[in-house]
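Chemist: Could you have a look at this structure, given as structure tokens, before my questions?
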Amino acid sequence: IAENLIIHSDEWPAYSNLNHLNFRHSAVNHQRPYADPNTGTNTQAIERIWLDLKIRILKKM
């Protein structure tokens, strides 16, 4: 993972230790509408990124 990169994810418990492992982590609560005014990150963008990643992984299987 590149230096100064922010990992954007949901609040799945496995991600909760990323900050303790010296990664910059921003989590989205799917129960609330979310858009970060500083980074522009929003729930729709994160969902789309994960969907694209899942599709790429499945194509390689």
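The values are calculated or read from the model by the stated rules, or taken from the named source; none is laboratory data. All values reported here derive from a predicted model rather than from experimental measurement. Every residue, glycine as well, gets a Cβ built from its backbone with ideal geometry; the counts of neighbours run over all protein chains shown.
Chemist: Picking from S16, S26, S9, which residue would you name as being touching a helix residue (DSSP H, G or I) at 6+ places or on another chain (Cβ under 8 Å) and polar (S, T, N, Q)?
Modeler: One residue alone meets the criteria, S9.
Chemist: Restricted to region 19-41, and to residues that are in contact with a Ser or Thr (Cβ under 8 Å, 6 or more places away or on another chain) and aliphatic (A, V, I, L, M), which residue is surrounded by the fewest Cβ atoms within 10 Å (Cβ to Cβ)?
Modeler: The selected residue is A35.
Chemist: Just for region 21-61: of the residues that are among the small types (G, A, S) and either closer than 13 Å to D10 by Cβ or assigned to a loop (DSSP other than H, G, I, E, B) (or both), which one is farthest from the chain's Cα centre (by Cα)?
Modeler: G40
Chemist: Cβ contacts < 6 Å: first residue closer than 18 Å to S26 by Cβ, restricted to region 43-55; second residue at pLDDT below 90 and surrounded by 13 or more Cβ atoms within 10 Å (Cβ to Cβ), any location; separation 6+ or different chain. Result?
Modeler: Correct list of pairs: T43/V28; T43/Y34; I46/H8; I46/V28.
Chemist: Could you go through region 28-37 and let me know if any residue there is modelled with pLDDT of 75 or more and among the hydroxyl-bearing types (S, T, Y).
Modeler: There is no residue in region 28-37 that is modelled with pLDDT of 75 or more and among the hydroxyl-bearing types (S, T, Y).
Chemist: Determine whether N17 is assigned to a loop (DSSP other than H, G, I, E, B) and on the phi > 0 side of the Ramachandran plot.
Modeler: So N17 does not fit the description; no.
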